[in-house]
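Structure, as structure tokens:
The values are calculated or read from the model by the stated rules, or taken from the named source; none is laboratory data. In this text the structure is predicted, and so the values were computed from the model without any measurement. Please note: Cβ atoms are built from the backbone with ideal geometry, for glycine as well, and neighbour counts cover all protein chains shown. These area figures cover heavy atoms from the full protein model, side chains too; ligands, DNA and RNA do not enter into them. Shrake-Rupley method; radii C 1.70, N 1.55, O 1.52, S 1.80 Å.
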Amino acid sequence: MTPQELRNERLSAKLIKNLERRHFEAYYCRTTKEIIETVKSLMPEGSSVTWGGTMTVRDLGLPQVLKDAGYQVFDRDEVKTPEEKLAIYRKAFEVDYYLASVNAISEDGILVNIDGTGNRVAAITWGPKHVIFIVGLHKVAQSVEAALQRARSTASPINAARFDIKTPCQADGMCHNCNSPQSICNYIHFIRNSYPEKRHIVILTDLKLGY
């Protein structure tokens, strides 16, 4: 085991304890195969599932895996009109499972996300029966304040570029604490505890997925 692998194993073990103390269900997976197998084991056959703008889910190839496995998938990437996309946003509140990642997570187990439209943070807060987060350990920050800084200074500028949103951070890659009309940082969301207990499931991984 390399020093990096040893550190990740120890860090994930500590994080799992902290997440369980906050009433999450938590797992640690090293590989894509392990993540996919864990996700499928958590979701009964035929369950309904969707996700937001997460690159983590796409990087793993989960959309096609779940379609091939017979899950009832609502995939916003397949729609053709804004109205159809909005319908999937609303459908997210009714599904059995909502897949997501986080912009950052503190060492003591608080999840931090920032949204432009709010559809993702709305769904992970209330609606779907379960929410499964897939979180690379590169998103771990020492404190809640550091996690928020990571979300704003690292994840948000990259996502602004990904969606070609005309914000100051898109122009130079730096957070300006802006009030731009197209700001991608309109909704800042913290999850301190999973409620009801174990509604939220966190899969930690060595893989550097998403931003």
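Structure summary
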item: Pick from the range 129-152, criterion of a type in the set (A, V, I, L, M) and in contact (Cβ under 8 Å) with a residue 60 or more places away in the chain, ranking: farthest from Thr117 (Cα to Cα); result: Leu137
item: Subset of the range 45-58 [surrounded by 18 or more Cβ atoms within 10 Å (Cβ to Cβ) and in contact with a Gly (Cβ under 8 Å, 6 or more places away or on another chain)]; result: Thr54, Thr56
item: Hits in the range 153-167 (condition: touching a residue at least 24 places away in the same chain (Cβ under 8 Å) and either at positive phi or open to solvent by less than 20 Å² (accessible area, probe 1.4 Å) (or both)); result: Ala155, Ser156, Ala160
item: Check on Lys85, open to solvent by 30 Å² or more (accessible area, probe 1.4 Å), farther than 27 Å from Ser156 by Cα and either assigned to a helix (DSSP H, G or I) or free of Cβ contacts under 8 Å to residues at least 60 places away in the same chain (or both); result: no
item: Residue within the range 154-174 that is basic (Lys, Arg), farther than 24 Å from Arg21 by Cβ and in a helix (DSSP H, G or I) present; result: yes
item: Which numbered condition Pro157 fails, given (1) in contact with a Gly (Cβ under 6 Å, 6 or more places away or on another chain); (2) within 24 Å of Val131 (Cβ to Cβ); result: (2)
item: Test: residue in the range 59-77 that is at negative phi, surrounded by 19 or more Cβ atoms within 10 Å (Cβ to Cβ) and in contact (Cβ under 8 Å) with a residue 60 or more places away in the chain; result: yes
item: Scan of the range 141-152 for residues that are small (Gly, Ala, Ser) and either surrounded by 15 or more Cβ atoms within 10 Å (Cβ to Cβ) or touching a Lys or Arg at 6+ places or on another chain (Cβ under 9 Å) (or both), ordered by number; result: Ala141, Ala146, Ala147, Ala151
item: Selection from the range 95-125 of residues that are among the aliphatic types (A, V, I, L, M), within 19 Å of Lys17 (Cα to Cα) and in a loop (DSSP other than H, G, I, E, B); result: Val102, Ile110
